[in-house]
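The values are calculated or read from the model by the stated rules, or taken from the named source; none is laboratory data. All of these numbers come straight from a predicted model, not from anything done at the bench. We place every Cβ from the backbone using ideal geometry, glycine too, and count neighbours over all the protein chains shown.
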Amino acid sequence: MRNKIVFVGRSNVGKSSTIKALTGAKLKVGRRPGVTREPREIPYGRVKILDMPGFGFMAGVSKRKQDEIKDFIVNYLENARDVLFAVQVTDAKAFASIAMRWLARGHVPLEVEMYHFLREVNLEPLLVANKMDKIPLEKRDEVLDEICNLLGLEGPWNIIPFSAKTGEGLPELKKALRFKLDLEH
Ligand code: GDP
């Protein structure tokens, strides 16, 4: 039975904080990353949130280990039969600068690659642009447009501006999840 919403995100983007804000679950926030862990399940209404390990750069973790974590997520989701859709959490402030750095080196940015992968496997990702509290009001549209451009989206329909710190965007995120869950039934 498909009854899970999978949460993915680069390490340190605030994925644990986002899940905590949504569910009240006692997750360790800001823990030192790098310890591979099994996906965790957290109840969310009549479904479950499946919390994947954070991927990408982690201080003190070898490149090989980082690749292993990403491969684990990709393999898991390619074969998952119980996942309804994905939520990809990103750090809105850092997204564009990190992506540009990768592009300048001729690489597809890791988060862009993950987003396209989730679409390819029909997990219809919802993107949570977290840490919006770090962006001045007058810059927010620009930042969201930049994220859309880098992901190749025509508009911000699947992006929720959010701050796990202030709770801004929490009602909108819950509403978007409800909407996507209703589509599945
Ligand atoms: P994870 O590795 O993706 O699970 O990230 P965490 O939830 O552990 O958060 C990583 C760091 O970002 C912690 O220091 C959090 O306090 C901080 N953080 C998370 N969400 C926000 C946010 O919305 N705004 C700000 N300013 N900091 C945040």
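Structure above, values below:
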read-out	value
Boolean, ASN130 is out of contact with any Cys (no Cβ under 8 Å at 6 or more places or on another chain), of a type outside the set (A, V, I, L, M, F, W, C) and in contact (Cβ under 8 Å) with a residue 12 or more places away in the chain	yes
Sole residue being at pLDDT 90 or above, within 13 Å of the ligand (Cβ to nearest atom) and either over 26 Å from HIS107 (Cα atoms) or assigned to a strand (DSSP E or B) (or both), chosen from LYS28, LYS20	LYS20
Members of the range 157-171 that are in contact with a Phe, Trp or Tyr (Cβ under 8 Å, 6 or more places away or on another chain) and part of a helix (DSSP H, G or I)	LEU170
Qualifying residues in the range 34-68 (those that are within 12 Å of the ligand (Cβ to nearest atom) and buried (at least 18 other Cβ atoms within 10 Å of the Cβ)) - the one farthest from the chain's Cα centre (by Cα)	MET58
Residue that is nearest to the ligand (Cβ to nearest atom), among those in the range 124-156 that are assigned to a loop (DSSP other than H, G, I, E, B) and either within 17 Å of the chain's Cα centre (by Cα) or of a type in the set (A, V, I, L, M, F, W, C) (or both)	LYS131
Top-ranked residue of the range 101-119 - restricted to ones that are closer than 22 Å to LEU181 by Cβ and without any contact (Cβ under 8 Å) to a residue 40 or more places away in the chain, ranked as surrounded by the fewest Cβ atoms within 10 Å (Cβ to Cβ)	ARG119
Complete set of residues in the range 120-148 that are within 26 Å of ASP71 (Cβ to Cβ) and surrounded by fewer than 19 Cβ atoms within 10 Å (Cβ to Cβ)	GLU120, VAL121, ASN122, GLU124
